[in-house]
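The values are calculated or read from the model by the stated rules, or taken from the named source; none is laboratory data. What you are looking at is a predicted structure, and each value in this text was computed from that prediction instead of being measured. Using ideal geometry, Cβ is built from the backbone for each residue, glycine included, and neighbour counts are taken over all protein chains shown.
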Ligand code: KG4
Ligand code: ZN
């Protein structure tokens, strides 16, 4: 089965083709980051317009890359939520129109499930059950995954998502939006303990997160110091260490609570090298195996949507036969149907 995946939930247009036998056979991404950088964040209306401009040419070039004709595609998977409503509508409209024209099924994919299962495109993915630490620009969640579609939310951020906190602090350090990856890069030159920032909500029980206090704390330090290159790196380092430590402490707690011995890192922030390395290092002592995707598939992409679409189409789940175009800007993982 060959599935065309369409991702337009936020500021990347991602198109990919996943084949149940061959795996990923084409993957293209158009990122709008330059468009939004001048505004210091995503402008939803501009995002929708840019998706509308880029989506058809990108689908054409993805088919060319795979050397596949439309008649060979067996299904279309599009991100139906969560995300920006206008941006989602572009992908959903094009996806459903193509499915109608090509007379094939379409499937509405949950973007978070795309992140959650993207590691399964790698070799030797873990068996269920496992814990997922899903850390993106919009979400920070700890999830128990017992099977495809059997997800329980164990904890989440009560305010800013980890990626959002990275981006806001990056902005205060003079880094262009979205600054998470660049902040991490300059943190590598930072002196380890020149600054020590709080590890929020780790001194009380529970699996929820809160990053807004850490953000304010860091912003106050930034205001107090002259930001020469070394100081910027030292602050970036202290901030990254605080986020990574907090994510490790809470992940350990979730593993202990459930008794699971596998941990999956997912979402844009899981591309963070320090998080990946330190998580593996810390979990080794407890015989916990840690899994994650190639960095290209941690951040938003069409491949994870095509992959989830394929799994759901093969199992006859969430197949969308209605002609009406529907998206869900808010759509929890816990509402999905199980296989
Ligand atoms: O999953 P994603 O592409 O989009 C959402 O679904 O939100 O995540 C984007 C987020 C941004 O906040 C970005 O700064 C962050 O992931 N990010 C990183 C790194 N790479 C991307 N944060 C820290 N370190 C990185 N290496
Ligand atoms: Zn995402």
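Considered as a group, the residues in region 154-184 that are more than 10 Å from ligand 1 (Cβ to nearest atom), touching a residue at least 60 places away in the same chain (Cβ under 8 Å) and in a loop (DSSP other than H, G, I, E, B) include one that is nearest to residue 241 (Cα to Cα), and that residue is 173.
Restrict the check to region 136-145 and report whether at least one residue is at positive phi, over 15 Å from the mean Cα position of the chain (by Cα) and in contact (Cβ under 8 Å) with a residue 40 or more places away in the chain.
No, region 136-145 contains no residue that is at positive phi, over 15 Å from the mean Cα position of the chain (by Cα) and in contact (Cβ under 8 Å) with a residue 40 or more places away in the chain.
The single condition from (1) surrounded by 23 or more Cβ atoms within 10 Å (Cβ to Cβ); (2) within 15 Å of ligand 1 (Cβ to nearest atom); (3) under 23 Å from residue 329 (Cβ atoms) that residue 151 fails is (2). Checking each residue in region 276-292 for being touching a helix residue (DSSP H, G or I) at 6+ places or on another chain (Cβ under 8 Å) and away from ligand 2 (no atom under 16 Å from the Cβ) picks out 276, 278, 279, 282, 283, 286, 288, 289, 290, 291. Looking across region 121-148, the residues that are touching a helix residue (DSSP H, G or I) at 6+ places or on another chain (Cβ under 7 Å), surrounded by fewer than 22 Cβ atoms within 10 Å (Cβ to Cβ) and not in a loop (DSSP other than H, G, I, E, B) come down to 121, 144.
Do we have residue 112 as in contact with a helix residue (DSSP H, G or I) (Cβ under 9 Å, 6 or more places away or on another chain) and either modelled with pLDDT under 95 or closer than 30 Å to residue 213 by Cα (or both) here? Answer is yes for this residue. Under 6 Å between Cβ atoms, at least 6 apart or on separate chains: pull out the pairs that start in region 251-272 with a residue that is within 15 Å of residue 115 (Cα to Cα) and in a helix (DSSP H, G or I) and end on any residue that is within 15 Å of ligand 2 (Cβ to nearest atom) and modelled with pLDDT under 95. Listed pairs, sorted by first residue: none to list. Considering region 1-98, the qualifying strands (runs of 3 or more DSSP E), each wholly inside and each with 2 or more residues that are more than 26 Å from residue 179 (Cβ to Cβ) and within 15 Å of ligand 2 (Cβ to nearest atom), run over 2-7, 75-81.
Just to be sure, is residue 308 modelled with pLDDT of 95 or more, touching a strand residue (DSSP E or B) at 6+ places or on another chain (Cβ under 7 Å) and closer than 30 Å to residue 2 by Cα?
So residue 308 fits the description; yes.
Residue-level analysis places residue 140 among those that are within 16 Å of ligand 2 (Cβ to nearest atom) and touching a strand residue (DSSP E or B) at 6+ places or on another chain (Cβ under 6 Å).
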